[in-house]
Amino acid sequence: MFTRSGKRPTPNKNKSLKALTAVCIPDDMLKDKTRQELIDHIEAAMALDASRFESLALTLIHHFINHAQSLPETLNSYYSKSGGILDYSLNRTEVAMSLFRELTIAEKVLSEEQKLWGYALFSASLLKGIGKLQIDYQVELYDHQGQHQKRWNPLLESMLSIARNYHYQLLGEHDIELRKRLNLLLARLLMPNKAFEWIASNPEVLREWLA
C-alpha cells in the first residue's frame, strides 16, 4: 500500500563498536545540565505535584528517550548534533509550557481541568513529529559485540528494550501525511497508560490532543 521509489542501502551485518552508537538509559541522557534545566522549567509550569509529574510527565520523557536515543533531528542544523531529537523536543515543550503558564499566571492554584489541559499541551509538544522515527531513519541494531541483530521498527519496540548499540542513516524522506498518521500510533505507544486515560477522560481535551 505504501511504496517509495528507490532502494534503501543494504547494511553491513557486523560493525566495529567504534562505528556504532551505544544505547543509553534515560538517566544518563538527562545528566546534561541544559536538558535538566528545561525539565525543571517544564515541571514548574505544569504545577503537578512531584509524584504525578514523575509518573505522568517524566515517565513519558523516559519513554521518548528509550525510542529516540541520541538520534539527530536533522543533518544540517543546530539540532543535527547527537541527541538532537531530544533537545529539539524539550526546547519546544519548554516554550509551549512557558506560554501556558503565562496564560494561567493569574491563577495561584490551577484547577484539575487546567492541569489536564497543561498535560495535554506538554505531551503533544513533546511528541510532535515523532512519526519521523518510522519513515525518516534507517536504524540497524547491534549487540554488545557489534553483531548485527535486525533493523529497528519503532512501532513495535524501543531501542533500549532490545539492543546495546545501533547505527543509523537519516533518509530525509518527508511524507508529511503518512508521518501525521504515524504520530498518533507512536504517541499512543509512548504514552503511560494512566496519562492517556487522563486525557481520554475529557472528550474536548482528547479531540484537541489528537489534532
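The values are calculated or read from the model by the stated rules, or taken from the named source; none is laboratory data. Just so we're clear, the structure is a prediction, and the values are computed from it rather than from any experiment. So basically every Cβ, Gly included, is an ideal-geometry build from the backbone, and we count neighbours across all protein chains shown. To get the accessible areas, we keep the full protein, side chains included, count just its heavy atoms, and leave off ligands, DNA and RNA. Shrake-Rupley method; radii C 1.70, N 1.55, O 1.52, S 1.80 Å.
General observations
- Selection within the stretch 83-94 - open to solvent by less than 80 Å² (accessible area, probe 1.4 Å) and either more than 18 Å from residue 37 (Cβ to Cβ) or without any contact (Cβ under 8 Å) to a residue 24 or more places away in the chain (or both): 84, 85
- Of all the numbered requirements in (1) polar (S, T, N, Q); (2) over 14 Å from the mean Cα position of the chain (by Cα); (3) under 16 Å from residue 190 (Cα atoms); (4) open to solvent by less than 40 Å² (accessible area, probe 1.4 Å), residue 138 misses one, and that requirement is (3).
- For the stretch 113-147, filtered to residues that are in a helix (DSSP H, G or I) and basic (Lys, Arg), the residue that is farthest from residue 14 (Cα to Cα) is 115.
- Residues of the stretch 117-135 satisfying the condition of being open to solvent by 10 Å² or more (accessible area, probe 1.4 Å) and in contact with a strand residue (DSSP E or B) (Cβ under 9 Å, 6 or more places away or on another chain): none
- Looking only at the stretch 21-38, and only at residues there that are surrounded by 14 or more Cβ atoms within 10 Å (Cβ to Cβ) and out of contact with any helix residue (DSSP H, G or I) (no Cβ under 7 Å at 6 or more places or on another chain), the one that is farthest from residue 67 (Cα to Cα): 32
- The stretch 45-63: number of residues that are touching a residue at least 40 places away in the same chain (Cβ under 8 Å), part of a helix (DSSP H, G or I) and out of contact with any Ser or Thr (no Cβ under 7 Å at 6 or more places or on another chain): 7
- Just one of the listed residues (76, 66) is at pLDDT 95 or above, more than 21 Å from residue 201 (Cα to Cα) and not β-branched (Val, Ile, Thr), and it is 66.
- Flag if residue 110 is of a type in the set (A, V, I, L, M), more than 20 Å from residue 41 (Cβ to Cβ) and in a loop (DSSP other than H, G, I, E, B): no
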